[in-house]
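Have a look at the structure below before the remarks.
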Amino acid sequence: MRRNIGTGSAWESVVGYSRAVRVGDTVHVAGTTAVRDGRVVAPGDAYRQAQVALEILVAALVECGASPADVVRTRLYVTDMRDWEAVGRAHGEVFADVRPASTLVQVSALIEPDLLVEIEAEAIVGGSASAVTPP
């Protein structure tokens, strides 16, 4: 069974996407940025933007019946690789104990010029980090 989770953004119906989709035990969270109420949060601050994007991403996970502990993969997109440490620090604040497979790449631009980071995730409900044997 498929369950689509939206945020109510006008763009969801225009572009045809969902913030998150759960199929069975798998949750896919779309690329998430630091946009609230149609405005970019913290222009110029990659760390704060990553925190906000992760807050929105975690809320989507929870709405799908998942948690950060269920995340198995993240992808982080930055517009300037010099921001990798700030973005990585925010990511680590959420996923330090989970340690999902993760990729961070630089992109030439995001949909709004003030956006510096976009984050997406995949989770398997019941695949929590607490059930994983450390290496």
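Going highest first, how would you order 45-58, 10-23 by mean Cβ packing within 10 Å?
On the way: 45-58: 21.6, 10-23: 14.1.
The packing order, highest mean first, is 45-58, 10-23.
Taking 0.36 nm per residue of separation and subtracting the Cα-Cα distance, full extension of the segment from Asp97 to Ala42 would add 17.1 nm.
Run through segment 60-116 and list the trypsin sites (Lys or Arg not before Pro) located in a DSSP loop whose Cβ has at most 14 other Cβ atoms within 10 Å. Kindly include the intermediate steps, with their values, before the conclusion.
Working: sites: Arg73, Arg75, Arg82, Arg89; in loops: none.
When the trypsin sites (Lys or Arg not before Pro) of segment 60-116 are filtered for loop state and at most 14 Cβ neighbours within 10 Å, nothing remains.
Taking only DSSP H segments of four or more residues, each worth -39500 (n - 2.57), what value at 222 nm results for the chain once the sum is divided by all its residues, to the nearest 500 deg cm²/dmol? Taking each H run of at least 4 residues, the total per residue is -7500 deg cm²/dmol. Report note on the peptides 31-37, 60-66, 92-98, 114-120: ranked by the mean count of other C-beta atoms within 10 Å, highest first, their order is 114-120, 60-66, 31-37, 92-98. Ordering His28, His91 from the fewest to the most neighbouring beta carbons within 10 Å gives His28, His91.
One quarter of the surface of the convex hull around the alpha-carbon atoms of segment 2-129 equals 7.2 nm², the direction-averaged projected area.
Each value in this text was obtained by applying a stated rule to the coordinates, not by laboratory testing. Remember, it's a predicted structure, so these values are computed and weren't measured experimentally. With ideal geometry, Cβ positions are generated from the backbone for all residues, glycine too; neighbour counts draw on all protein chains shown.
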